[in-house]
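Notes follow once the structure below has been shown.
What follows draws every value from the coordinates through simple rules; no lab data is involved. What you see is a predicted model, and the numbers here were worked out from it, not measured in a lab. With ideal geometry, Cβ positions are generated from the backbone for all residues, glycine too; neighbour counts draw on all protein chains shown.
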Amino acid sequence: MFQRAIFFRTILWVCLLAFCTVVSAAEIKVCSDCDHQQIKTAVAQAKSYDTVYVLPGLYAEADIIIDKPLTLIGQGFPRIDASSGKSGLIIRADSVSISGVHIVNVQVSHLDDRAGIRVEDCKEFRLTNNHLTNTFFGIYLQHAKRGIISGNIIKANAKEEMNSGNAIHLWYCNNVEIVANEVSGHRDGIYLEFVKESLIRENLSTNNIRYGLHFMFSDHNEYLDNIFRNNGAGVAVMFSKFINMRNNLFEENWGATSYGLLLKEIYDAEIINNRFIKNCTGIYVEGCTRINYKRNNFEGNGWAIRISGGCVSNEISGNNFIGNSFDLSTNSSSSENSFDGNFWSAYDGYDLDHDGVGDVPYRPVKLFNYIVDQTPEAVVLLRSFFIDLLNFSEKVNPLYTPKGVMDNFPRTVKFNSHD
Amino acid sequence: MKEILKYTMYDVVRSKWAIAYTVFFALLTTTFLLLSRDINSSIISLMSITLVLVPLISTIFSVIYYYNSRDYINLLLAQPVARKSLFLGQYFGIASALAVCIAFGLLVPFFIFNLAGSGLIKSTLTLVGVNIMLTYIFSAIAFFIALKNEDKVRGFGLAIFSWLFFSVIYDGIFIFLLAIFREYPLENMALAGSIFNPINLSRILMLMQLDIAALLGLTGAVFTRFFGQSFGWILAMTMLLLWFVIPLLGIVRRSMTRDF
């Protein structure tokens, strides 16, 4: 008898629990012949923690405001055409999750920052596996924290900086993870301003007019395993501290003013295990202090590293410099930075005791690098016989090239494993 | 003129030196193509070497050939042959023979490695074209110097100096001027300076074909714009042509007035 009572009680509880779950997570469908033909009405009707399924179709809707915790799932990438309004989706509540939608055609505006998905003052959001095409700004976050942006494909066709937005734009955010997105054809691929403790990982950023990834006043962030290809500049890090940059590939950022990585006024950064291949300038450094460049590969760049004035306590070691037109160019003659222990393919010294370390120091700044730095127009003599003679005579008897800038322990063997 | 051109050309092409010259370039090209995985960079390396060697060898070869064939020239002068056609025929014979050597030396390896369809055919052809032009220009200058100087040593010295001037001294003065005036915008001066020297002009024309041009920065942008216009191309070609025509006129005038 007593056991039966327990049994019924359990059944009762289970039913109650099941009922609760059903109530708390109702499913709402949106399609041309469902109860809701519009996403807007579905969202308005939905209660907190409901799930809205958007079935395939074309939805000409804009400015869909989500002001309660919701999960919005697109099935078969329903197209949301936002050309009639300002933005696509606007999220103004915590714990919102959006996935699988395809937002198109947000109009360009010079007055407000329109975007495919806007996230305003909220936390714990998830934006995953969405497609955004020709949305002025792609994903725009302001005052957002603890969220994930992953697996989105954001494409546009930007022609000039003035009339284009950023694919992923963060303003005053922290603890955001930006993972495995593909961004292309915007002004900046990923733009961070006043962003803290965020992680940018495994993204592919290509063909953006300005930068593939751009940090402004953003401290304590890291970006790992990303690919930056054919942007105005791969990555620009400006006015930021404690940025960790590892395992990225900077490739084919090629053009008269193109850089792989642009560093300006940054402190205490780590640049480790990256590859810089065929960039006009691999790394351009201006006013940077306490930065470690380790185990990077510089191959086939115009300039591997250009250091301009005001750079102190930078350590460049364990890197491979292979087949760059200029390995290093610097306009400061002092030795406040260390260049010891790299492999330089242009090194022609010897190693009598075969310990892998060359017996004569290597000077990565050739006379021609120095001349070009002083008189940029002299670069028209690139690859001329006279320049070869000049570099040779300077090497034999250094007069002009900065004395302190040299590798005292140049490696004679390439660093192979970079893990 | 035709007969003399033909004879001189056969004479040069059959000589050991011409064969060595062709084989040297063929080997050089092959080595660069084999050693470097990147055809682009092998073309750049080839360019650096040919722009030094081709003018030098054209200069030396023309001078030596002229001085060595003086007896033959004297013999022909005694025959009813117009002076103009004798000397022009001989000049074109030498220059054309050298040009053929270059073209074969550079192009044959490219075709052996089947790189005709590699998208770099344009820069390869520019490389060959530029070297052929340099051959004609420097042979003309050297031939003129040889014709003007009876004294072998003096003629030889002057010819070598002309090569040294264009490939080294000119650039030295150029870079010196750039350094002096570096406070001013120098793009146009750099452009002018590069156009007046056939070797520099050839190098720039080559670099513009390759993606290394991006390294030239702002100056490169000015160059690209300049050579992008038909005016720029015409001016560049005119300059090269002038470097060829002026010594040629010198040869004609000198051959008319000289007392043999």
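Shape of region A:25-231 from its Cα gyration tensor (a ≥ b ≥ c, root eigenvalues): rounded if a/c is under 1.5, otherwise prolate when a/b > b/c, or oblate? Verdict is prolate for region A:25-231. The residues neighbouring B:GLY129, those whose beta-carbon lies less than 15 Å from its own, together hold a net charge of +2 under the Lys/Arg +1, Asp/Glu -1 convention.
When each of A:HIS354, A:HIS36, A:HIS186 is scored by the number of other beta-carbon atoms lying within 10 Å, the sequence from fewest to most is A:HIS354, A:HIS36, A:HIS186.
About its Cα centre, chain A has a charge dipole of approximately 1060 debye under the convention of +1 per Lys or Arg Cβ and -1 per Asp or Glu Cβ, with nothing else charged.
Each other residue within a Cβ distance under 15 Å of B:GLY220 adds +1 if Lys or Arg and -1 if Asp or Glu, for a net charge of 0.
Rounded to the nearest Hz, the phi-derived 3J(HN,Hα) couplings of region B:154-168 under the Karplus curve 6.51 cos²θ - 1.76 cosθ + 1.60 (θ = phi - 60°) are 4, x, 4, x, 5, 5, 4, 5, 4, 5, 4, 4, 6, 8, 10, where x marks glycine and proline.
To the nearest ten degrees, helix B:39-68 and the longest principal axis of the Cα atoms of chain B are 20 degrees apart. When only alpha carbons are used to place a centre, region A:270-335 and region A:22-89 end up 49 Å from one another. Toward the positive end of the charge dipole of chain A, with +1 on the Cβ of Lys and Arg and -1 on the Cβ of Asp and Glu, the farthest Cα among A:ASN221, A:ILE117, A:SER84 is that of A:SER84. Residues whose amide H falls under 5 Å from that of A:ILE90, counting only those 5 or more places apart or on a different chain, are A:ILE64, A:ILE65, A:ILE66, A:ARG118, with hydrogens built in the peptide plane. Note on A:GLU160 and A:ARG146: their simple-model spin labels are 4.5 nm apart, each label 7 Å out from Cα toward Cβ. Relative to the longest principal axis of the Cα atoms of chain B, the long axis of helix B:83-112 lies at roughly 40 degrees. Note on region A:281-351: dipole from Cβ charges, positive end direction compared against A:ASN324, A:SER345, A:SER313; the farthest Cα belongs to A:SER313. Computed from phi, the 3J(HN,Hα) profile of region A:320-326 under the Karplus parametrisation 6.51, -1.76, 1.60 (θ = phi - 60°) reads 9, 10, 10, x, 8, 4, 10 Hz, with x in place of Gly and Pro. Mean Kyte-Doolittle of at least 1.0 plus a Cα span of 18 Å or more along the axis: flag which DSSP H helices in chain A meet both, please. Correct list, ordered by number: A:2-24.
Only helices enter this figure: runs of n ≥ 4 DSSP H residues, each worth -39500 (n - 2.57), summed and divided by the residues of chain A, yield -3500 deg cm²/dmol at 222 nm to the nearest 500.
Residue order for B:LYS84, A:LYS366, A:LYS264, fewest other beta carbons within 10 angstrom first, comes to B:LYS84, A:LYS264, A:LYS366. Sparse packing (at most 15 other Cβ atoms within 10 Å of the Cβ) combined with a DSSP loop state is found for the following trypsin sites (Lys or Arg not before Pro) in region A:32-91: A:LYS47.
Assuming a ≥ b ≥ c are the square roots of the Cα gyration tensor eigenvalues, decide whether region B:2-257 counts as rounded (a/c under 1.5), prolate (otherwise, with a/b larger than b/c) or oblate. Since a/c reaches 1.5 but b/c is at least a/b, the shape of region B:2-257 is classed as oblate. Among residues other than A:LEU262 with Cβ under 13 Å from its Cβ, the summed charge is 0 (Lys and Arg +1, Asp and Glu -1). Modelled label positions at B:ASP71 and A:LEU111, each set 7 Å beyond Cα in the direction of Cβ, lie 9.7 nm from each other.
Proximity of backbone amide H atoms, modeled 1.01 Å from N, is registered between A:ALA60 and A:ASP81 at under 5 Å, excluding neighbours fewer than 5 places apart on the same chain. Relative to the longest principal axis of the Cα atoms of chain B, the long axis of helix B:230-257 makes an angle of roughly 20 degrees.
Once you sort the root eigenvalues of the Cα gyration tensor of the protein assembly as shown as a ≥ b ≥ c, which label holds: rounded (a/c under 1.5), prolate (a/b larger than b/c) or oblate (the other case)? Note, shape of the protein assembly as shown comes out prolate. By the count of other C-beta atoms within 10 Å, a proxy for reagent exposure, B:ARG182, A:ARG187, B:ARG14 are ordered fewest to most as B:ARG14, B:ARG182, A:ARG187. Sequence-ordered 3J(HN,Hα) estimates for region A:45-62 from the Karplus curve with 6.51, -1.76 and 1.60 and θ = phi - 60° stand at 6, 5, 9, 4, 6, 7, 10, 9, 9, 9, 7, x, x, 10, 10, 8, 9, 9 Hz, glycine and proline given as x. What is the distance in Å between the Cα centroid of region B:229-252 and that of region A:138-200? If we compute the Cα centre of each part, the gap is 55 Å. Counting only other chain Cβ atoms within 10 Å of each residue's Cβ, the peptide B:210-221 averages 6.
For A:ILE148, the residues whose amide H sits under 5 Å from its own are A:PHE125, A:ARG126, A:LEU127, A:GLU177, ignoring neighbours fewer than 5 places away on the same chain, with H placed 1.01 Å from N. Along the axis of the charge dipole computed for chain B (Cβ charges of +1 for Lys and Arg, -1 for Asp and Glu, origin at the Cα centre), the listed residues B:LEU177, B:PHE113, B:PRO247 are led at the positive end by B:PRO247.
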